[in-house]
1. Work out from phi, with θ = phi - 60° and the Karplus expression 6.51 cos²θ - 1.76 cosθ + 1.60, the ³J(HN,Hα) of each residue of region 25-30, listed in order in whole Hz, and give x for Gly and Pro.
2. Quantify, in whole percent, the carbon and sulfur part of the accessible surface of the chain (1.4 Å probe; protein heavy atoms only).
3. How many Å² of accessible area per residue for the chain, probe 1.4 Å?
4. Taking the Cα atoms of the chain alone, what are Rg (to one decimal) and Dmax (as a whole number) in Å?
Amino acid sequence: MIGWAITFLVVALVAALLGFGGIAGTAMAAAKIVFFVAIALFLISAVFGVMRGRAPRL
């Protein structure tokens with residue numbers, strides 16, 4: 001999901017450079033949503049991993 005967030009961020013930045021405000025705003029909003037969902041899922045999986053007592057794989 002972080003990859004999708006970065007993709008939307010790049011699309012938003014390119015659209016902003018070209019002056020398409022509507023596209024840039026939509027892509028930036030999508031990037032924010034996907035980024036925060038990915039962070040939330042990471043934190044949830046980290047908490048469950050700690051509760052189960054598993055050591056993280058490197």
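The values are calculated or read from the model by the stated rules, or taken from the named source; none is laboratory data. Since the structure is predicted, the reported quantities are computational estimates derived from the model, not experimental observations. These area figures cover heavy atoms from the full protein model, side chains too; ligands, DNA and RNA do not enter into them. Shrake-Rupley method; radii C 1.70, N 1.55, O 1.52, S 1.80 Å.
1. x, 5, 5, 5, 5, 5
2. After summing per-atom areas, the C and S share lands at 79 percent.
3. On the way: 4720 Å² over 58 residues.
For the chain, the solvent-accessible area averages 81 Å² per residue.
4. Calculated on Cα positions, Rg and Dmax stand at 15.9, 51 Å.
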